[in-house]
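Single-structure report; data block below.
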Amino acid sequence: MSGAQEQGLKLLVPRSGVSIYAIRVQMALAIKGLPYDYLPEDPGCKSDLLLASNPVHKMLPVLIHGGRPVCESLIIVEYLDDAFPGNGASILPTDPHRRAVARFWADYIDNKMFPSCIGILNTAKQQERADTVEETLAAFGLLEAALAECSKEVEAEAPFIGGVSLGLLDIAIGCYLPWFEAIGRLAGTPPFLDAARTPKLVAWAGRFRAAEAVVALLTPVDKVEEYITSVLYPKWEVALTAPATN
């Protein structure tokens, strides 16, 4: 792509096509209207390019801009917004407090909410699973309340958390939507996004899924379910049966 060559953008991603964090970066690139070279990688056979670009964590995704790597999806999203201020809509809020709030909840989703959610499937004991479901539902309740607070800070009737256009928190949550649905199906739990319990999140999710910048990037739920059952379940089973080491 000539446009990608002009910008010097390359994106290293897992070849599975279901990576939450790779899709998050792709959403940011779409919002900014930036072309890039898409370079799928096998995480089980790390390329020299990946090892040279992310020698600390050796993980994907990695953005390479003009030969210089940027790692970690939320950091990449912020980098794109800072490096290309004249392209597309701004992803981060300009107000310092709104920016801090968006970063807080993005971190909460990554490090608290989703681990609890996926943990439902990786919990063998019935009571532990029930407790994890309750913890996850409580997290969605907190996010519902946060969305209500965030909506007070943007334009009236704005469709997204970021306002009239998709912002950091929109894509921080939105890239998880297929996974939330797939986990709920596999676990046999009530939907995590429920019109009675989380009406604002349900309404927002409908608008997000229809947004032009992301509609083609959301992974089909069936594909996520297949990945969980064919890739993650076997990994978890090995971990559960592995002998303890001192």
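Brief remarks follow.
- By accessible area with a 1.4 Å probe, ligands and nucleic acids excluded, highest first: order of His97, His65: His97, His65
- Other residues with beta-carbon under 15 Å from the beta-carbon of Thr123 carry, at +1 per Lys or Arg and -1 per Asp or Glu, a net charge of -2.
- Dipole moment magnitude, nearest 20 debye, segment 13-113 about Cα centre, only Lys, Arg, Asp, Glu C-beta charged: 140
- Net charge dipole size for segment 101-235 [Lys, Arg +1 and Asp, Glu -1 on Cβ; Debye, nearest 20]: 220
- Local electrostatic count, Val101, Cβ distance below 10 Å [Lys/Arg +1, Asp/Glu -1]: 0
- Calculated volume of the Cα convex hull per residue in Å³ (choose from [x] 162; [y] 148; [z] 127), label: [y]
- Net +/- balance of residues flanking Pro178 in space, Cβ distance below 10 Å, scoring K and R +1, D and E -1: -1
- Each Lys and Arg adds +1 at its Cβ and each Asp and Glu adds -1 at its Cβ; summed about the Cα centre, the chain shows a dipole of about 220 debye.
- A simple spin-label model places pseudo-atoms 7 Å from Cα toward Cβ; at Ser47 and Lys152 they are separated by 4.8 nm.
- Of all beta bridges that DSSP places with both ends in the chain, some 65 percent have antiparallel geometry.
- Cα lying deepest toward the dipole's positive end in segment 126-184, options Ala156, Gly141, Pro178, charges on Cβ: Pro178
The values are calculated or read from the model by the stated rules, or taken from the named source; none is laboratory data. This is a predicted model, so every value here is computed, not measured. Here Cβ is always computed from backbone atoms with ideal geometry, including for glycine, and neighbour counts include all displayed protein chains. The area values use the complete protein model at the heavy-atom level, side chains included, leaving out ligands, DNA and RNA. Shrake-Rupley method; radii C 1.70, N 1.55, O 1.52, S 1.80 Å.
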